[in-house]
Every structure is written in C-alpha cells, then in structure tokens.
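Peer 1: Attaching a single structure in structure tokens format; questions to follow.
The values are calculated or read from the model by the stated rules, or taken from the named source; none is laboratory data. Values in this document were obtained by computation on a predicted structure and should not be read as measured data. Virtual Cβ from ideal backbone geometry, glycine too; neighbours counted across all protein chains shown. Each accessible area value is taken on the protein alone, full model and side chains, heavy atoms only, with ligands, DNA and RNA left out. Shrake-Rupley method; radii C 1.70, N 1.55, O 1.52, S 1.80 Å.
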Amino acid sequence: MQVLIHQFLGLNGYGNLIGEFKENFFSHPNYPSLYAITDTLTLIGIDNLAASVPNDQLTELPASFLAFLDTARKDQVLGLVQHGDGKIRISVEGGRSREYSRGEFENIWSGLVIAVEPNLVRKSSAILNFPVVKASFAAVCLAVLYFLNAGRAMTMVGALSFLAYLLGLAI
C-alpha cells in the first residue's frame, strides 16, 4: 500500500511530501484504512476526495487515482490506476502492473476511488538548495567586508560581528 501511495503522490507532483506523508500515515490511529489515507493527505495540505464513482464516469476521473479492486478471493486490494488513450494500467502492491480493457476494469473495480488535485507548482531543488545559497551569501558578505574595510584596519571581532549580523538577516 505504501509504495502505491508514494507512486501516486509522485505522479501528481507531490513527491516532495512523501516523507511527511509516511511519517503521519504510519502514526494514524486508523492505519491502514481509507480514512487514514485521506486524513493524512488532508493533514499535509493535499486536497483529496474519496468517493464511490459509477463506471460510466471513469473518463471524468483524473489521469491517475487510487482505486479499490475486487479480487478473485472476494476481498479488496488497493491499486494505482492510470488511464488515458483508451488504456487502463493498474499497479498493485509488489510492483505488479497490467493493462486492462475498459470492460475488464469495470468487472474488478469497486467504484471506490481516492483522487487528488494535481500539483502544478513544482519546487525546483536547484533553486532552493539552501546550503549553496547560504555559502554564497557568506562569500558575498566577506567580499563586501573586505572592500569596505580595505583602507581601514578593522578588528577581527568587528568583522565577525558584522558577518554574524548579515547572516542573521539572511536566515
């Protein structure tokens, strides 16, 4: 279940929240359940919906969603459904994946889905690489200190205090 949810979050642009999801999901009092999944998604700020959807509304669902599927043993399993271009691909726990026709899918689909609004604002780790930004800022501050005090003798304590002040502003 955990791997499918992580794939689902990644497909919808929430890969950066997988760690936070895992942390809260495993400690949820109703773990493992549909309620635990939706409640955890809500807790970490992902708009989601759990609903029973009729078969004829499949085309209205997002390109990827989690669905409960009926098995030959008459129990239900969670599957990651991806559909589009007339194809329906279902991934289940254990890494197994298979394509289904619409008719085959409707025979095993319980109608219960969990869907999220895709995250269109993706954070770029290259831009938000804070250690690099902080190191660059410190280097710029040292350069400014050097050029400002090139003609004057500044004590080491004064220079370090000024640098600490500038770093405090940056943080």
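Peer 1: So if R0 is 25 Å, what FRET efficiency would residue 22 and residue 50 give, r being the distance between their Cβ atoms, rounded to the nearest 0.05?
Peer 2: Step by step, r from the Cβ atoms, then E = 0.80.
Peer 1: Rolling a 1.4 Å sphere over the protein heavy atoms, what is the accessible area per residue of the stretch 1-133, to the nearest Å²?
Peer 2: Averaged over the residues of the stretch 1-133, the accessible area is 59 Å².
Peer 1: Are there trypsin sites (Lys or Arg not before Pro) in the stretch 29-115 that DSSP puts in a loop and that have at most 15 other Cβ atoms within 10 Å, and which ones?
Peer 2: Answer by residue number: 73, 74, 96.
Peer 1: Could you pull out the GluC sites (Glu not before Pro) across the stretch 25-114 that fall in loop regions by DSSP (anything but H, G, I, E, B) with no more than 10 other Cβ atoms inside 10 Å?
Peer 2: In loop regions of the stretch 25-114 (DSSP not H, G, I, E or B), there are no sparsely surrounded GluC sites (Glu not before Pro).
Peer 1: Return the carbon/sulfur percentage of the accessible area of the stretch 1-87, one whole number, probe 1.4 Å, all protein chains in place.
Peer 2: Carbon plus sulfur share of accessible area: 51 percent.
Peer 1: How far is it, in nm, from the label point at residue 112 to the one at residue 72 when both lie 7 Å from their Cα along the line to the Cβ?
Peer 2: The answer from the label model is 2.3 nm.
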